[in-house]
Amino acid sequence: MGFSDDGSIKKASGRKWSRVLTPIFGLLIVAASGAIAYVLAEPIFNAILDAIPEVPAVDEVLLAVGVMIFIVCLAIFGGLYAVVAPKPNKATYVTERELDRLKKERAAEEKAKERRRKEMRRRMRDQNKNL
């Protein structure tokens, strides 16, 4: 438990495991993409060699096919994760309009504080003159 900005008591937020485990999910996605690319690279490479005879049968082409499969898998898994990943609350979003409003409020508070300070100085001067 703690206090919020307005002085009310707020409940302590616990650890969100979905956020804690996000880096592990990323590593799992990379590992799964690498495994899929490793397994599928050679069959797809052989299919490419059968379909297009002009492609040279060198290890660099096999590596390029594996990298392309890896990138495609990462894109697919990344897109799926983006769809199902936990989204932040609307309360955490900050808009430009809200920032401008806060900036204007702070400027107005500073102006009011300066006005009160000047008024207090003027009153003290007037009181000192009357003594």
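Annotations
- Extension gain, Asp126 to Thr95: 0.36 nm times the residue separation minus the Cα-Cα distance gives 6.5 nm.
- Translational D in µm²/s for the range 15-79 (Stokes-Einstein at 37 °C, 0.692 mPa s, Kirkwood Rh from C-alpha pairs): 249
- At an R0 of 30 angstrom, the distance between the Cβ atoms of Leu28 and Leu63 translates into a FRET efficiency of 0.80.
- Computed accessible area, Val30, all protein chains, 1.4 angstrom probe, square angstrom: 70
The values are calculated or read from the model by the stated rules, or taken from the named source; none is laboratory data. Since this is a predicted model, take the numbers as computed values, not measurements. Quick reminder, even Gly has a Cβ in these numbers, built from the backbone with ideal geometry, and neighbours come from all protein chains shown. To get the accessible areas, we keep the full protein, side chains included, count just its heavy atoms, and leave off ligands, DNA and RNA. Shrake-Rupley method; radii C 1.70, N 1.55, O 1.52, S 1.80 Å.
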